[in-house]
Amino acid sequence: MILPVPEFARWINPVLRALGELGGSARPREVVERVAQNEQVPDDVLDLLNPSGGQRFSNQVHWARFFLADAGFIDRSKRGVWKLTEAANAAGQLSASDLLDLVREVQERSRSTSLAAESDASPPVAVVDVSPQVTLSVDPSSEAPPPDHEEGDYKSRLLKVLQSLAPSGFERLCQRLLREAGFEQVVVTGKSNDGGIDGHGVLSVNHFVSFRVLFQCKRYSGTVAPAQVRDFRGAMQGRADKGLILTTGSFTTEAKREASRDGAPPIELVDGDELVELFAKLELGLRPVTTYEVDESFFAEYL
């Protein structure tokens, strides 16, 4: 039996399983990593980018979360944390027909929005097994901003702004960001032929412990490869306690492994999504907006 559902439906059950294994709640990155681990997703799939940038696998997992939240299986009230609801705990693993019903119901509710149009519009199809009995025909090119960008899609807009900056301007902005985050003596060197080192600073843990950190700023829309991480590590040898790479793009799976390789000085990686989270947390270049929802149950007794 062939059931026409979007590509992200392939990851709905794995998301539910991952959250269950993580204690019922987790941050998005933890869920994405656990799904990749459980499903043994190959590196070439993990590193695949959407045409507009951003890692496709992560995007699809976020779409799965969005539909689960709309269907009441994930609590959408806590931003930054995905949490299973009682409905999810009671439902357990969803059958192929359950998946089809879930997708159809959510799409029906969203049909009048641009979300439904973006999710449905893509002619090519590929076949993906989701159970021993049923195969789903899925849409491999359903690409849209991650649903966590619901708040006016400010995250994708901020990334576009960052990617439009001049290289020197992005370096100075990262300098400001690090200062706001607690770094001291942050200096942008602006030197060429320095192994990609763009600056340095000091991070104080407490009155007794501090680290000298070298950082590199990559104004990318694509991915940072492991060779670039190795080159940066070679340049920082003997000059700092830690390294930090900030990018508006993403890191390949192999680059992440290289950054935390045993026996080598660790390098912290901050990709575009994390960069945006830092700007939001520090309210740097972003103005918070308060909105309200009407609690109709409050007025029920006055009807």
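The values are calculated or read from the model by the stated rules, or taken from the named source; none is laboratory data. Predicted, not measured: the structure shown is a model, and the values here were computed from it. Note that each Cβ is placed from the backbone with ideal geometry, even for glycine, and that neighbours are counted across all protein chains shown. Surface accessibility is based on the protein's heavy atoms, side chains included, excluding ligands, DNA and RNA. Shrake-Rupley method; radii C 1.70, N 1.55, O 1.52, S 1.80 Å.
Summary of computed values
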{"read-out": "Span from the the range 32-91 Cα centroid across to the the range 158-186 one, whole angstrom", "value": "29"}
{"read-out": "Cα gyration tensor shape for the range 239-278, rounded if a/c is under 1.5, else prolate or oblate", "value": "oblate"}
{"read-out": "Dipole-positive endmost among N89, H62, F73 within the range 54-97 (Cβ charges, Cα centre)", "value": "H62"}
{"read-out": "Sparsely packed trypsin sites (Lys or Arg not before Pro) within the range 238-294, loop by DSSP, other Cβ within 10 Å at most 13", "value": "R239"}
{"read-out": "Cleavage-rule hits, GluC sites (Glu not before Pro), the range 150-236, DSSP coil, Cβ neighbours within 10 Å at most 15", "value": "E150, E151"}
{"read-out": "Inter-probe distance in nm under a simple model that places probes 7 Å from Cα toward Cβ, at F299 and E180", "value": "3.8"}
{"read-out": "Greater than 21 Å apart at Cα, pairs in K155/K242; K83/K160; K160/K218; K83/K256", "value": "K155/K242; K83/K160; K83/K256"}
{"read-out": "Accessible surface of K83 - all protein chains present, 1.4 Å probe, nearest 10 Å²", "value": "80"}
